[in-house]
Amino acid sequence: MNILHVIHSVNPTGGGPIEAIKQLSRATENHCVEVLSCDLPSDPWTAGFPLKLHALGTRRSTYGYSPLLVPWIRGQQHRYDVVIANGIWQYSSFGVWRALHGSKTPYCVFTHGMLDPWFKRQYPLKHLKKWLYWPWADYRTLRDAAAVIFTAEEERRQARKSFWLYRCNEVVTNLGISGANGDCDAQKELFHTQFPALRDQRIFLFLGRIHEKKGCDILVEAFSRFIKRDPAACRDFHLVIAGPAESIFAKRVKDRAEKLGLGLRITWAGMLQGELKWGAFRAAEAFVLPSHQENFGISVAEALACGTPVLISNRINIWREIADCKAGFVGDDDLPATLALLRQWAELSEAQRTEMSRAARCCFESRFEIKKAAQSFLATLADVVEISRSARSLKD
């Protein structure tokens, strides 16, 4: 198949949607995968992008309106068997609808968790603004899509709660990652070389966007209470927060950490990529993500791939798989539960930690390895293409 992904931007700071495109494409070697974005060709993240990228370079405003998007898709649609709009609430997805609805080329929408009702509860004014936009744009984008793709049954069920005006062809496919390649010991040593003060520390790792929905503020508060309750027993524990820290929210969390006296107990590692990122996962005893909303959680799968147990909230839509595999601990997305997760981990014996590490790796191999996930994803696309061709044959 010839597949075109359309997305607002391929900037890696955008998190899961961009990474999902890259991971799925790595496992579809026998198919042609291209990406269309509204990035400027001069944007630094476009040069090293691993897929064939068409950067239109006419993005206007955060909504990402581009006057070239619809004409480009209409002019090139004959080259593709299926087009995938990644995400909603931006012009890139609405532009796919404008270009392709009623045409011979089918399109799908990959929502990437953007219909979760948490956003409705957390940002009621933004939700009202979305309601003004919804009926004439994204409602139609989803309604007319050949398939709307969710990565977990929990995500599909939750999506129905955001807007009462909702109709689409829902499909659940698996998502995964390719795992950590390279030498485990070398990656770990690279991390310790970069952060030598952490070599003998017991590390809790958070890796991702430092954003309100990720629960970073809760994690900092919980870690403070964790180490202060029993300073002697917790003297070797250290929290590493890895991710871009330039936002207003990130600065607020850092200021709070300083007020709590955590200056020497938290390392703000910045955005880690490649071997250094894998080294962080391998150096950590546990990965912690008390997120308020996560449709999949690629960083969770990355931790599992390294045999690193995960301490996560039950707002991450793959939490049931984690619990079933005993690959970590699961709790609510609040301060008491996050504190309890840290304490549960600290109370484990070395043998129990080793066993949970083994279970984490097994969980990854059985549920989140990318080749298995890609089979499910490609099967969905193949069905879409076949149904579209059959419909065209009947019309002809």
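The values are calculated or read from the model by the stated rules, or taken from the named source; none is laboratory data. Bear in mind the structure is a predicted one, so any value in this text is a computation, not a measurement. Positions of Cβ are backbone-derived with ideal geometry, glycine not excepted, and every protein chain shown enters the neighbour counts. Side chains are part of the model used for accessible areas, which takes the heavy atoms of the whole protein and leaves out ligands, DNA and RNA. Shrake-Rupley method; radii C 1.70, N 1.55, O 1.52, S 1.80 Å.
Kindly indicate whether any position in the range 221-238 is aliphatic (A, V, I, L, M), within 27 Å of R26 (Cβ to Cβ) and touching a helix residue (DSSP H, G or I) at 6+ places or on another chain (Cβ under 7 Å). No: the range 221-238 contains no residue that is aliphatic (A, V, I, L, M), within 27 Å of R26 (Cβ to Cβ) and touching a helix residue (DSSP H, G or I) at 6+ places or on another chain (Cβ under 7 Å).
Which of the residues belonging to the range 214-239 are open to solvent by less than 20 Å² (accessible area, probe 1.4 Å) and assigned to a helix (DSSP H, G or I)? Matches in the range 214-239: C216, L219, V220, A222, F223, S224, F226, I227. Per this entry, P117 is counted among residues that are surrounded by fewer than 17 Cβ atoms within 10 Å (Cβ to Cβ), in contact with a helix residue (DSSP H, G or I) (Cβ under 9 Å, 6 or more places away or on another chain) and not polar (S, T, N, Q). Residues in the range 183-209 that are farther than 14 Å from T267 by Cβ and touching a residue at least 40 places away in the same chain (Cβ under 8 Å): C184, A186, Q187, K188, E189, L190, G208, R209. Looking across the range 221-239 at every residue that is among the aliphatic types (A, V, I, L, M) and more than 23 Å from the chain's Cα centre (by Cα), the one that is farthest from K277 (Cα to Cα) is identified as A232. When I203 is tested against (1) in a strand (DSSP E or B); (2) hydrophobic (A, V, I, L, M, F, W, C); (3) within 23 Å of I18 (Cβ to Cβ), just one condition goes unmet, and that condition is (3). Within the range 32-65, which residues are small (G, A, S) and either more than 20 Å from A145 (Cβ to Cβ) or open to solvent by 30 Å² or more (accessible area, probe 1.4 Å) (or both)? Hits for the range 32-65 are S42, A47, G48, A55, G57, S61.
Residue-wise test of (1) more than 20 Å from S357 (Cβ to Cβ); (2) crowded, with 24+ Cβ neighbours inside 10 Å; (3) among the basic types (K, R).
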site: A284; (1), (2), (3): no, yes, no
site: S313; (1), (2), (3): yes, yes, no
site: E321; (1), (2), (3): no, no, no
site: D333; (1), (2), (3): yes, no, no
site: L339; (1), (2), (3): yes, no, no
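Residue pairs whose Cβ atoms lie under 7 Å apart, sitting 6 or more positions apart in sequence or on different chains, and linking a residue in the range 18-33 that is assigned to a loop (DSSP other than H, G, I, E, B) to a partner that is open to solvent by less than 50 Å² (accessible area, probe 1.4 Å), are A27/S178; A27/I370; A27/A374; T28/A374; T28/L378; H31/I3. Could you check the range 90-124 and list, in sequence order, the residues that are within 23 Å of G15 (Cβ to Cβ) and out of contact with any strand residue (DSSP E or B) (no Cβ under 8 Å at 6 or more places or on another chain)? Selection gives Q90, F94, M114, L115, D116, P117, W118, F119, K120, R121, Q122, Y123. Considering only residues of the range 48-81 that are at pLDDT below 90 and among the polar types (S, T, N, Q), which is farthest from L381 (Cα to Cα)? Checking each candidate, the answer is S61. Looking at the range 371-394, can you tell me whether even one residue there is touching a Leu at 6+ places or on another chain (Cβ under 9 Å), among the β-branched types (V, I, T) and within 21 Å of N174 (Cα to Cα)? Within the range 371-394, none of the residues are touching a Leu at 6+ places or on another chain (Cβ under 9 Å), among the β-branched types (V, I, T) and within 21 Å of N174 (Cα to Cα).
For the range 323-342, a residue qualifies if it is out of contact with any Leu (no Cβ under 8 Å at 6 or more places or on another chain) and part of a helix (DSSP H, G or I), and the qualifying residues are A323, D324, C325, L335, P336, A337, L339, A340. Looking across the range 240-267, the residues that are of a type outside the set (G, A, S), under 25 Å from the mean Cα position of the chain (by Cα) and part of a loop (DSSP other than H, G, I, E, B) come down to P244, E246.
Residues are listed down the side, and each one gets a yes or a no for (1) in contact with a Ser or Thr (Cβ under 8 Å, 6 or more places away or on another chain); (2) over 19 Å from F110 (Cα atoms); (3) not in a helix (DSSP H, G or I):
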position: P135; (1), (2), (3): no, no, yes
position: S162; (1), (2), (3): no, no, yes
position: C168; (1), (2), (3): no, no, yes
position: V171; (1), (2), (3): yes, no, yes
position: Q187; (1), (2), (3): no, yes, no
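When we screen G274, G243, G279 for residues that are closer than 29 Å to E365 by Cβ, free of Cβ contacts under 8 Å to residues at least 40 places away in the same chain and touching a Phe, Trp or Tyr at 6+ places or on another chain (Cβ under 8 Å), the only hit is G243. I73: within 17 Å of L4 (Cα to Cα), open to solvent by less than 40 Å² (accessible area, probe 1.4 Å) and part of a loop (DSSP other than H, G, I, E, B), yes or no? No; evaluated as a whole, the condition is false for this residue. For the residues W97, W45, W89, the requirement of being at pLDDT below 90 and of a type in the set (A, V, I, L, M, F, W, C) singles out W89. Scanning the range 342-372 for residues that are open to solvent by less than 70 Å² (accessible area, probe 1.4 Å), of a type outside the set (D, E) and touching a residue at least 60 places away in the same chain (Cβ under 8 Å) turns up L342, R343, W345, A346, R353, F364, F368, I370.
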